[in-house]
Structure formats: C-alpha cells, structure tokens
1. Take the residues in the stretch 134-180 that are over 12 Å from R28 (Cα atoms) and basic (K, R), then tell me which one is modelled with the lowest pLDDT.
2. Would you call N246 touching a His at 6+ places or on another chain (Cβ under 9 Å) and touching a residue at least 12 places away in the same chain (Cβ under 8 Å)?
3. May I ask you to list the residues in the stretch 370-405 that are over 23 Å from D327 (Cβ atoms), buried (at least 24 other Cβ atoms within 10 Å of the Cβ) and over 16 Å from the mean Cα position of the chain (by Cα)?
4. If the Cβ limit is 6 Å and pairs must be 6+ apart or interchain, which residue in the stretch 66-84 that is free of Cβ contacts under 8 Å to residues at least 40 places away in the same chain pairs with which residue that is buried (at least 23 other Cβ atoms within 10 Å of the Cβ)?
5. Take the residues of the stretch 330-347 that are touching a helix residue (DSSP H, G or I) at 6+ places or on another chain (Cβ under 7 Å) and part of a helix (DSSP H, G or I): which is nearest to V378 (Cα to Cα)?
6. Considering each of S262, S189 in turn, give the residue that is hydroxyl-bearing (S, T, Y), more than 8 Å from the ligand (Cβ to nearest atom), surrounded by fewer than 21 Cβ atoms within 10 Å (Cβ to Cβ) and over 18 Å from the mean Cα position of the chain (by Cα).
7. Looking at H46, H90, H7, which is the one that is surrounded by fewer than 24 Cβ atoms within 10 Å (Cβ to Cβ) and either within 13 Å of the ligand (Cβ to nearest atom) or touching a residue at least 60 places away in the same chain (Cβ under 8 Å) (or both)?
8. Exactly one condition in (1) more than 16 Å from the ligand (Cβ to nearest atom); (2) assigned to a helix (DSSP H, G or I); (3) under 25 Å from A406 (Cβ atoms); (4) not small (G, A, S) is not met by L511; state its number.
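The values are calculated or read from the model by the stated rules, or taken from the named source; none is laboratory data. For clarity, every value in this text was computed on a predicted model and none was experimentally measured. Glycine also receives a Cβ, built like all others from the backbone with ideal geometry; neighbour counts cover every protein chain displayed.
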Amino acid sequence: HMEIERHEYDVVVIGAGGAGLRAAIEARQQGKRTAIVCKSLFGKAHTVMAEGGAAAAMGNVNSDDNWMVHFRDTMRGGKFLNNWRMAELHAKEAPDRVWELEAWGALFDRTKDGKISQRNFGGHQYPRLAHVGDRTGLEMIRTLQQRVVALQQEDEKLHGDPEAYIRVFQECTVTRLLKTGDGPGDPISGAFGYWRENGRFILFDAPAVVLATGGIGKSYVVTSNSWEYTGDGHALALLAGAKLINMEFIQFHPTGMVWPPSVRGILVTESVRGDGGVLRNSEGRRFMFDYIPDVFKDQYATTEEEGDRWYNDQANNRRPPELLPRDEVARAINSEVKAGRGSPQGGVYLDVSTRLPAAEITRRLPSMHHQFKELADVDITKEPMQVGPTCHYIMGGVEVDADSAAASVPGLFAAGEVSGGMHGSNRLGGNSLSDLLVFGRRAGAGASAYVDGLKARPVVSEESVATARAEAMAPLERDGENPYEVHHELQRTMNELVGIIRKAEEITQALEAVEKLKERAKGVGAIGGRIYNPGWHLALDLRNMLLVSECVARAALKREESRGGHTRDDFPGMSPEWRRKLLVCGASADGSSVTVEEKVQPGMRDDLIKLFDRAELKKYITDEELAAFDALVK
Ligand code: FAD
C-alpha cells in the first residue's frame, strides 16, 4: 500500500551526530516541537568515531591560550579562506560548549589539578583538545543523547508523553526537502523520506529544517568515512535551491591504515603524533623536516632534538613538523611514496613504539592499539604502523549565515560537516567537534527564531510530494544496471582524478566520466521490493554522490591555485587574488545541471585582522589589502 505516514513538527533536524543533537536540544529548549531524523541507528553517527578531541581555548594546560590564539590558528589552518565570522564565533564559544557538555555529564580526562585535560594537535599552538582517551566522540554522543532523554523525561512529567516535544526517527532516510513551490525563494515546508527497514514513505510537515547530515567521503574509494557519508544534506540543499561553497576543498587525512586491503582508509588518529609518534620513510628518515613550507617556517622545529624537546618544554622550543596542518603532512607522505621511499604496502611508517613506554601507549591510545591488533595483527607498542592519506572530511558545504546558520532558502539551516565556510580550505583536527557544538546550538536557535517570526505555516505543495514519491519509487520499477557498479566507478574516478593532487586534464576527464555515470544512474534498478533493500537505498544515494562529486570537480577545475585541501599540480602556488574568492555551486531542481560562480568574500573586520602580524598577512593577502591594513594600524 502506498500510503504516506505524516507528522507535524516545528523543527525537523536531519542527522543525529553532534551537530544534529545539539541543534535539536536547542530547538526543544526554546519550546519547539522537534523531530530528529537519522538514517543510521540512533547513536551510530560519524561523531561517535571522533577520536582526538574537541578544540576549545580553555587554557587549562597552557594559560596563554585564549580565543584570539585559537582564531588565529584556525584562519592559518584554513589558509585565510575561512568565513572569519564563523571562525570568530567558534573560537569564542567553544569553551562554553565544552563546559556545558561537562555539566550534562561528560567525563573528560583530567589534568593533575582536576581541570579538563587538553592535548596537542596539528596546527594548534597550545594543548587545546578536550578529550576522553581516544574515544572523545563516543562520550560526546553519549552525553548529548543522555540530554535528549533527560528532556524527554521532563516532558513526560509535564505533558504525560515523553515524545511530546522531541522524538527520534531512526533508520529513516530523507530524500527530498519540500517547499511551498519551485522557486529558490519559496520557503521550506517539510521533508520527505522512507523507513529503511520496510521502505514505507514518511512525510514531515515543518516550517524549519536543520541539515546536520555530515560529509561526502563515500564518493571516494579510500576513505575514513562510513556508509552514511553519501553527501545527502549537500544534495538536498542544492536541489532545494540553496548554495554550496568551498566544495573543492577536501581533507585527505595523512594517516589512514593501508593494510590489509579490506581496512584501507580506516583512520589512525592524529593523537598518535600529538602524543609523540613520528613519521619515517623506508630509509628511516623523519622526512617531515624536509617539507616545512615557507608560511610555517618560523613555527616549526628544524632539528629532531628541538622537536623532541617541545613535548616537555613548549615555551622554549618549536613543535615538530609531524604536527603541521593535515594538508601539508598528507602531501608529504604522497611525495615520499611516489619517490619510492614508501613502506612495503604503499604507505610510510608511523612509529610510537620507540617513543613511549608500552603502558603509556595502551593508556593514551587504547582504541588504536586495539584497532591495529584486531585488523592488521600489528602491536603498536612493539612495531611501527603503516599509514597513508585517506579521504576524511569536506570543508565545503551549505553556504550559511554565520550567526544563525540560515541557508539562502527560507526555513533551511545547516550545521556541522554539511555546512561550509568555517574551516576555509583546510580544517584543523579537533575543530570539527567544537564546530558541531557551537553551530549546532546556533542552528537550533536560528530555526526556532525563524519559526517564531512566521505569520503562517508554509504548506507543502502536493505536487512536490508526488514528485518525491515517484523519484524514490523509480529504481524499484526498473530491471536496470546494478547501482554498486556505478558507485564503484564513481569512487575510483574521484580517487584517481580529483584526489589529493589534481590537474586540469584529469579533472576534465573526471567530469566527463561523471556525466556518463549520471546517465547510467538514471537506468539503475533495484528490484526486490521495498523491505530492507540496500540496493534500492544505494540507488537513491547515488543521485547525491554524483551531484556532490560534480560540484567538487567543477570547483576544483575552476580554482587555479593550490591551497589547503586543493592541490593543483598545474598551479602549485597560493594566489592572494584567489584567496578572496569563494566558488559557489548551485543546481537545477532536477539536479541535471550544476553551476559554479565566483563570489568575493568580505574582508576581515578591523579588530580581527589586527590580531595578525603584517609579516604573516603579507604571505596571504593582496598588495591592495595590505595597504588597507597599513592604513588601519598606522
Ligand atoms: P555526523 O556525526 O556524521 O552525523 C550525520 C548524521 O546524519 C547521522 O545521524 C546520519 O545517519 C544522518 N544522515 C545522513 N544523511 C541522512 C539522510 N539522508 N536522512 C537522514 N539522516 C541522514 N573531528 C574532530 O574535531 N576531532 C576528532 O578527533 C575527529 N576524529 C574523527 C575520526 C574519524 C574516524 C572520522 C571519520 C572523523 C573524525 N572527525 C573528528 C570529524 C568529525 O567526527 C566529523 O566531522 C563530525 O562528527 C561530523 O558531525 P556531524 O554532526 O556533522 O555529522
């Protein structure tokens, strides 16, 4: 039977990771009837996998830390392309969000004097990551879920129904956002999706939707991301008429497992390096010393001795280059392997075994110890790991207003990995978990304020429901190509042609391939019915992965410079002219065409730009901007 189950809410949050849960908690606290919809099981979001920690300038381990230092590090990490207002809000609000988590029951690791402990991470000047061993994300999700349950218990007391104001719809995939009409300015009126288990359709009538769907890693073969990361939120936003920015910037984490093949891409946390682990090539050389770029020369140690002293005396030494931002380390590993100095299985060596006592390793990195023992039969307390770059995080996402997380479509909001701007061209480790909390809360508040301001509830256009339903049914009605074939080819194409090092010719080839795959995707079939049919689910996800891949490739072709997570072999330099430019992707409502336009990003506010030295700014900004800076500080 084709009946569609219908629900009415004020705010629908799509995604139950850190961003989605924090948004939902906020919306509920502001009195909104809130739905949390997630395609995986509740609790199984990407956030759970986060290992290292959440970056927040609390100054617990080094009292010199404060929001201004964090802001500077974030802008540097993103090579000054970041939306500076987001970077400012993030740096200022992250400590409060971490303390709030603690108040809600999170059990962080402690310093000797009982404060929340903070660890070193790449690109962060001071120890800044609040953490729980190497299982921080798990504790964060546990705490946020516990908070949701606490609110439900409160509602049960007040209203006799725990789900009166907040309800979770798990294993439920949204395939379309609904609006009042087709125009880009027409407001959101709901969302359409299906239950994974039985394939039945579900519709939410709601004036506000918060996208918190995470990333896009499943468009690549080698990735640290799991099956949910098919770019759904990115695509849903595009199809609803919103814009994506920074899509050319993808973070290849330098250290994924390379062996055995079945686990290739699985993450090896940066904490291994933060806690003293070093990278060596097949000749035993700590090669990162050969790859310190000019812009970072003053901040990194030039000898192994200095780098090693830094772990115990940060005031008088510079940090080891293993802790450069991720893009730098990933490119260096890539070059070493290409030059024939890689490990037997095509990575390089990451060694902590000769650096820390075994007991210390198992205490600080229990998950890594377990992961290598179980998956690769390697004991990291005794021998080095083999690691190589893996597609990890997308900096690009929905273009939003920094303060309210509102997208350009009225009623649409986005937070977390699915949003764009905060991290510029490269995200620092630890800045995602804090981003989720800061902007998750802001999105929940933004959506609530929007709902409060409405004179009437926008009404779902029945035509759009019929279209969404027909689109979802289509693969079931065709005896077509297997969607897994198309998916694998897309993954290989993106990995090989729009990967860590890019050039025009290859990106063009990729775009041609994507065009053909889009045609093939129209013919994929998944007969077998609607009851738990993974082929059908993948057929629907394909639309999203193809759309997002096209955005990545088109923006990558257009940006003729190298910066952060976008390296062009044919344009190796970083260009001050390009720094000010954002590439904005849009799509037609049926997804058949993608456009990319240049847009100038507004200059940094005076009090913020003054936080930087002239000598540093000179490396990034145009002469004209530098003249304006000189006039300002005179
Ligand atoms: P997620 O936590 O991924 O949640 C996405 C949610 O959206 C899920 O509930 C999913 O089911 C749902 N969803 C997706 N599509 C749909 C749909 N169509 N319909 C319904 N629901 C949908 N960052 C750090 O700051 N520190 C770290 O130490 C760190 N370690 C990491 C380790 C690993 C292995 C990985 C992969 C990432 C790590 N990151 C880390 C990055 C960080 O974990 C993620 O960027 C972040 O958790 C994303 O959170 P989110 O709330 O945006 O999305």
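1. R135
2. So N246 passes the test.
3. Correct list: I380 only.
4. Here the result reads N66/A57; W67/A57; W67/A91, each pair linking the stretch 66-84 to a residue that is buried (at least 23 other Cβ atoms within 10 Å of the Cβ).
5. E336
6. When all the criteria are applied, what remains is S262.
7. H7
8. Checking L511 against (1) more than 16 Å from the ligand (Cβ to nearest atom); (2) assigned to a helix (DSSP H, G or I); (3) under 25 Å from A406 (Cβ atoms); (4) not small (G, A, S), the one that fails is (3).
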